[in-house]
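Below: the structure, in structure tokens.
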Amino acid sequence: MATRRASAGAHSDLAAPEVRIDQLTGQRVILAPGRAERPDAFAPARPQAREESAESCPFCEGREGRTPPEVWASRPDGGEADSPGWTARSVPNLYPVLVPAEEAGAGDDAGAAETGLASSVDPLRQSSRVRQPNLFASQPAVGEHEVIIHAPEHVTSLADLSEERFAGAVAAWRERMRAHADSAAFLHLIVNEGRDAGASLPHSHAQLYALSFVPAEVARERERTGAYHERTMGGHLLSDVATEEVRRSERLVAVDESAILVCPFTDPGWTVTLDRVAGVVTETGGLLSHAAVICREYGIPAVLAVPRATERIRDGQIIVVDGGHGSVELVG
Ligand SMILES: [Zn+2]
């Protein structure tokens, strides 16, 4: 990565984030020069870095003036905007990847949502009457980029939030996604923790990107799911794949009403499988991880964070999973 000073010079003609098109794949890439100016609270890995950052953390209650003015906050007891008394709070990202349509300063269609695979400025979509397509076409990266602060206290991990604060954080995500649902083509919410994940501040927060286009991979999935739905007169692609896997039983270890899933961890791709098992054992995770949340929802026992579970439990082995006590017993 270039130094701040050098990158500021190199991109002196690029004032705002823009979408560029990869000429070979047609994929969009957002270039946001302002990101190079971010503070890097994690960078000085000195012993007292953590305490120092807590003392000066702009996301902590009482330092509301150090963030851009809030666009939303949960204040159960009321109170002024940008003052203490909130439980979750949303502010525009100080170093946005996206710019609001009214600030983009482009044509009338700057904010128009694009739902297809190709960008409207993709050189291959331009009129054939233009002799030489503009291979370096770009457009303003229009949208909203918010930071949702999960708690007023300086908590540095989502998993360390109290149950009440966690519920408040999820409610905040939903609230803000709802606020952008009508104007955005695609909403992308991430929680990045730690320097390795690209977070520049340790205080637990999420980033919400309200994009004016649908990312190519998601657009492709939507197209295929939609085409499948139409072709099968109402079929659901993901659910039918899972059903067919069970019918073929070629790649299934076991599935019946007493099958236990033992795996390193689960993510949304596993949800269909979790609906068909009697219990779950994972090697990683905790109270708030995907497997725990879904199993609670489905009412099936789950024991998480069992070291080397996939090695210690053999395929076909009979085990008893006690979700209440968090125990796994090897029977035979
Ligand atoms: Zn803080």
Worksheet entry | Among (1) at pLDDT below 85; (2) within 16 Å of the ligand (Cβ to nearest atom) - the single one GLY65 does not satisfy | (1)
Fill in: Criterion violated by HIS154 - all others in (1) in contact with a helix residue (DSSP H, G or I) (Cβ under 8 Å, 6 or more places away or on another chain); (2) more than 16 Å from the ligand (Cβ to nearest atom) satisfied
(2)
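Report, by residue number, each residue of the stretch 281-332 that is among the β-branched types (Val, Ile, Thr) and not in a loop (DSSP other than H, G, I, E, B). Don't jump to the end; show me each part of the working.
Keep residues of the stretch 281-332 that are among the β-branched types (Val, Ile, Thr), which gives 281-282, 284, 293-294, 300, 303, 306, 310, 313, 318-321, 328, 331.
Of everything in the stretch 281-332, those that are among the β-branched types (Val, Ile, Thr) and not in a loop (DSSP other than H, G, I, E, B) turn out to be VAL281, THR282, VAL293, ILE294, VAL303, THR310, ILE319, VAL320, VAL321, VAL328.
Name the single residue, out of those in the stretch 286-315 being hydroxyl-bearing (Ser, Thr, Tyr) and under 24 Å from the mean Cα position of the chain (by Cα), that is farthest from LEU161 (Cα to Cα).
The initial filter retains those residues of the stretch 286-315 that are hydroxyl-bearing (Ser, Thr, Tyr), namely 289, 298, 310.
Now drop any that are not under 24 Å from the mean Cα position of the chain (by Cα), which leaves 289, 298.
Details: SER289: 13, TYR298: 24 Å.
Per the criteria, the residue is TYR298.
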Worksheet item: Filter the stretch 83-109 for residues that are part of a loop (DSSP other than H, G, I, E, B) and at pLDDT below 85; which is nearest to HIS203 (Cα to Cα)?
Response: GLY105
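Among ALA185, ALA169, ALA159, which is the only one that is in contact (Cβ under 8 Å) with a residue 40 or more places away in the chain and closer than 30 Å to ALA118 by Cβ?
On the way: ALA169 fails: closer than 30 Å to ALA118 by Cβ; ALA159 fails: closer than 30 Å to ALA118 by Cβ.
Exactly one of ALA185, ALA169, ALA159 is in contact (Cβ under 8 Å) with a residue 40 or more places away in the chain and closer than 30 Å to ALA118 by Cβ, namely ALA185.
Test of understanding: among ALA141, ALA137, which residue is touching a strand residue (DSSP E or B) at 6+ places or on another chain (Cβ under 7 Å), at pLDDT below 95 and either of a type in the set (Phe, Trp, Tyr) or crowded, with 21+ Cβ neighbours inside 10 Å (or both)?
Details: ALA137 fails: either of a type in the set (Phe, Trp, Tyr) or crowded, with 21+ Cβ neighbours inside 10 Å (or both).
From the options ALA141, ALA137, the qualifying one is ALA141.
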Worksheet item: Considering only the stretch 120-134, how many residues are of a type outside the set (Ser, Thr, Tyr), at pLDDT 75 or above and part of a loop (DSSP other than H, G, I, E, B)?
Response: 5
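Could you pull out the residue among ARG247, ARG220 that is in contact (Cβ under 8 Å) with a residue 40 or more places away in the chain, over 30 Å from HIS150 (Cα atoms) and either in the same structural domain as ALA172 (by TED's automatic domain parsing) or in a helix (DSSP H, G or I) (or both)?
Values: ARG247 fails: in contact (Cβ under 8 Å) with a residue 40 or more places away in the chain.
Exactly one residue qualifies, and that residue is ARG220.
Looking at VAL277, is it over 20 Å from the mean Cα position of the chain (by Cα) and not in a helix (DSSP H, G or I)?
Numbers: over 20 Å from the mean Cα position of the chain (by Cα): yes; not in a helix (DSSP H, G or I): yes.
Yes.
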Worksheet item: From the residues in the stretch 204-217 that are more than 16 Å from the ligand (Cβ to nearest atom) and part of a loop (DSSP other than H, G, I, E, B), which one is surrounded by the most Cβ atoms within 10 Å (Cβ to Cβ)?
Response: SER212
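For (1) part of a strand (DSSP E or B); (2) under 15 Å from the mean Cα position of the chain (by Cα); (3) surrounded by 13 or more Cβ atoms within 10 Å (Cβ to Cβ), each residue gets a yes or a no:
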{"site": "PHE166", "(1), (2), (3)": "no, no, yes"}
{"site": "ALA169", "(1), (2), (3)": "no, yes, yes"}
{"site": "ARG174", "(1), (2), (3)": "no, yes, no"}
{"site": "MET177", "(1), (2), (3)": "no, yes, yes"}
{"site": "LEU187", "(1), (2), (3)": "yes, yes, yes"}
{"site": "ASN192", "(1), (2), (3)": "no, yes, yes"}
{"site": "ALA199", "(1), (2), (3)": "no, yes, yes"}
{"site": "PRO202", "(1), (2), (3)": "no, no, yes"}
Worksheet item: Got a sec? Which of ASP275, ASP322, ASP267 is in contact with a helix residue (DSSP H, G or I) (Cβ under 6 Å, 6 or more places away or on another chain), closer than 27 Å to ALA167 by Cα and loosely packed, with under 15 Cβ neighbours inside 10 Å?
Response: ASP267
Item to complete: Please list, ordered by first then second residue, the pairs with beta carbon atoms under 7 Å, 6 or more apart or interchain, first in the stretch 75-99 and free of Cβ contacts under 8 Å to residues at least 24 places away in the same chain, second surrounded by fewer than 17 Cβ atoms within 10 Å (Cβ to Cβ) and not in a loop (DSSP other than H, G, I, E, B).
Response: ASP82/GLY65
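The values are calculated or read from the model by the stated rules, or taken from the named source; none is laboratory data. Worth saying up front: this structure is predicted, and the values here are computed from it rather than measured. So basically every Cβ, Gly included, is an ideal-geometry build from the backbone, and we count neighbours across all protein chains shown.
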